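Shown next, in structure tokens, is the structure this report addresses.
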Amino acid sequence: MTRALTWIGLALFLLLILVPFWWIASMSFKTYEQIQFATSIYVPRPFTWENYTGLWTETRFPLWLRNSVVTALVVTLITTVVASLGGYAVARLRFPGREGVASLILILYLIPPALLFIPLYRVLAELGATNHLAALFLSYPTFTVPFCTWLLIGFFKALPEELEEAALIDGAGRVTAFARVLLPLAAPGLVASAIFAFTLSWNEFLYALVFIQDETRITVPVGLNLLIYGDVFHWGQLMAASVITTIPVVALYVFIHRWMTEGLVAGSVKG
Amino acid sequence: MSSRPRRRFGARSRETGTALLFLLPLFVLVVGLIFYPFYRAVWLSLTDKLVGYPERFVGLRNYIYVANDDAFHQVVWNSLVFTVVSVALKVVTGLAMALVLSGVIRGRNFFRGLFLLPWITSTVIIALTWRWMFDAFPGRGFLNSFLLDLGLLSQPIAFMATPAGAMAAVIIANWWRAFPFFGVSFLAGMASIPRELYEAASVDGAGANRRFWHITLPGLKHVMIVTTLLSFILTINDFNIIYVMTRGGPGSATQVFSTYAYQVAFGQLRWGRGVTISIFVVPLLVIGIILISRYLLRDRR
């Protein structure tokens, strides 16, 4: 009885998760006519790559992809440096106000980007950064850094303290101990945190939409939105773009998924 | 022996110095790009700033205007419907997903990973996906194609053309993206419930049903509160799904806080008023953040 229920439930959830993904993927392999006249609805027959080649040669997608990659890499780098230093300080150093800093980081992580986009636009405009990828390099860390710092605090706390103490007794300063002993040990945590920073930047939409207008400087999510509301009705290309954009994130995620599913929820499960 | 305390004190203050050094980039970022913009937001909300004109201090006029604005009342109502229905669906579906996965022995990690795919996919792509799922044209819209095929429909339906249909569509997209997160969190919560409780209950003759209501559900209370609060904060501030799927329409049927603030600030170019709309969410946010930090910070210690 319960076994049967489990299998039925599993099948239903599989359909619920996979049907929408499959619908997009299958449309990306259909011709314009197949989509327009609703032929070969469930499986693309004939199967065509024309949307992918068209996307590459007829639209600005390659440029948007480049902008997205550059932004995500720069933001990941900034985030990893700032968050690992801050996370280490909160996890391992004793200083007045340490608990306060920890609470502050959590609170900042919970502030939604939708709250600050208007004043941030003004601040970035005064810095001359709007309409430039620099606007994203500056604004994305406002959400990636609190999140990654919070993750890394937990990670640094979990590392054995003895190793660092041994280095300190050997005469190394805190900075050397951090760089030589803790950072290498924390590598898995740093990789996970970097992947989160990358994914958050890669998927971000609101700031990219508001801070950049020049069509050659936008990122992929904003570009996708242009493809629908523009005059172009290339459904297939839009689907192909969605598939291409999803692949890197899924690939990274396969890499850390075990850690992620445990790490993401650990905070809400303990206690 | 007398030099010892002094040395420890020296080490202490040196440690504070190192901590300041390490935290400096974080502080610069937080002060420059979060606190300062927030201060600017509060200031802007007290002015009648219109793009292209200098700002003039108007006191609380924006707040009074927004509080009495019928369009804003609709926005508050839409935001609450969107958030409450979506979060409630996520809790129920997440619970079902966790129960199903806890019954799967072989390949549980695989399915758990697979089910999380919507959670890691870009919300813009999720929004586009559901736009096509509900599209009025059979070739693009899965639901229309499927229902026509089954013979349940004779004519394609424009699902998102009615206010209720559009609201249902954005709720479904938001729910679909986030329920796997609830499912995975609840599954982890279930794993931390001591097995002995279940064994003792079975010995006492409690059936699966009673074990669920009396052991599983109370055992998940903590995880449920935290995930629900977290999702509440994220959902009430959702911009991407609504903007991409409906732009707040038809009419203003799906206009919520963030899309309305965007429309007023960047469509009508009234920045003072736009910021005021965002600030109206702050009290709700503060309550959510206080509750959630109490739970999460307690865990950390």
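The values are calculated or read from the model by the stated rules, or taken from the named source; none is laboratory data. Worth saying up front: this structure is predicted, and the values here are computed from it rather than measured. All Cβ positions, even for glycine, are placed from backbone atoms using ideal geometry, and neighbour counts span all protein chains on display.
For (1) within 9 Å of another protein chain (Cβ to nearest Cβ); (2) under 30 Å from A:TYR207 (Cβ atoms), each residue gets a yes or a no:
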position: B:ARG14; (1), (2): yes, no
position: B:PHE38; (1), (2): yes, yes
position: B:VAL84; (1), (2): no, yes
position: B:ILE105; (1), (2): no, no
Could you list, in sequence order, all residues of segment B:189-223 that are of a type in the set (A, V, I, L, M, F, W, C) and buried (at least 20 other Cβ atoms within 10 Å of the Cβ)? B:LEU220, B:VAL223
The residue that is farthest from the other protein chains (Cβ to nearest Cβ), considering only those in segment A:139-174 that are acidic (Asp, Glu) and exposed (fewer than 13 other Cβ atoms within 10 Å of the Cβ), is A:GLU162
Would a scan of segment B:73-88 turn up a residue that is farther than 29 Å from B:VAL226 by Cα, at pLDDT 90 or above and of a type in the set (Gly, Ala, Ser)? no
Only one of these conditions is not met by B:ASP299: (1) facing chain A (nearest Cβ under 7 Å); (2) under 24 Å from B:TRP175 (Cα atoms); (3) at pLDDT below 90. Which number is it? (2)
Restricting the first residue to segment B:190-202 and requiring it to be under 13 Å from B:PHE212 (Cβ atoms), which pairs with a second residue that is among the β-branched types (Val, Ile, Thr) meet a Cβ separation below 8 Å and a spacing of at least six or different chains? B:MET190/B:THR216; B:ILE193/B:ILE215; B:ILE193/B:THR216; B:LEU197/B:ILE215; B:TYR198/B:ILE215; B:ALA201/B:ILE215
Before we move on, is A:ALA177 within 12 Å of chain B (Cβ to nearest Cβ), surrounded by fewer than 24 Cβ atoms within 10 Å (Cβ to Cβ) and farther than 24 Å from A:VAL74 by Cα? yes
Elements of type helices (runs of 4 or more DSSP H) in segment A:27-138, at least 2 residues being farther than 22 Å from B:PHE27 by Cβ and within 10 Å of chain B (Cβ to nearest Cβ): A:32-36, A:117-126
Unique match (being modelled with pLDDT under 90, surrounded by fewer than 16 Cβ atoms within 10 Å (Cβ to Cβ), out of contact with any helix residue (DSSP H, G or I) (no Cβ under 9 Å at 6 or more places or on another chain) and over 23 Å from A:TRP235 (Cβ atoms)) among A:ALA4, A:ALA11: A:ALA4
Residues in segment B:221-235 that are in contact (Cβ under 8 Å) with a residue 60 or more places away in the chain and more than 8 Å from every other protein chain (Cβ to nearest Cβ): how many? 7
Test: residue in segment B:65-75 that is more than 10 Å from chain A (Cβ to nearest Cβ) and in a loop (DSSP other than H, G, I, E, B): yes
Among the residues of segment B:236-254, the number that are of a type in the set (S, T, N, Q), within 11 Å of B:VAL170 (Cα to Cα) and either without any contact (Cβ under 8 Å) to a residue 40 or more places away in the chain or more than 8 Å from chain A (Cβ to nearest Cβ) (or both) is 2
For segment A:210-234, how many residues are in contact with a Phe, Trp or Tyr (Cβ under 8 Å, 6 or more places away or on another chain) and modelled with pLDDT of 90 or more? 8
Of the conditions (1) farther than 22 Å from B:VAL85 by Cβ; (2) surrounded by 18 or more Cβ atoms within 10 Å (Cβ to Cβ); (3) without any contact (Cβ under 8 Å) to a residue 60 or more places away in the chain, B:VAL275 clears all except one; give me its number. (3)
Count of residues meeting criterion [farther than 30 Å from B:ARG112 by Cβ, in contact with a helix residue (DSSP H, G or I) (Cβ under 6 Å, 6 or more places away or on another chain) and more than 7 Å from chain B (Cβ to nearest Cβ)] in segment A:220-237: 5
Whether any residue in segment A:41-53 is under 15 Å from A:ALA241 (Cα atoms) and of a type in the set (Phe, Trp, Tyr) is what I want to check. yes
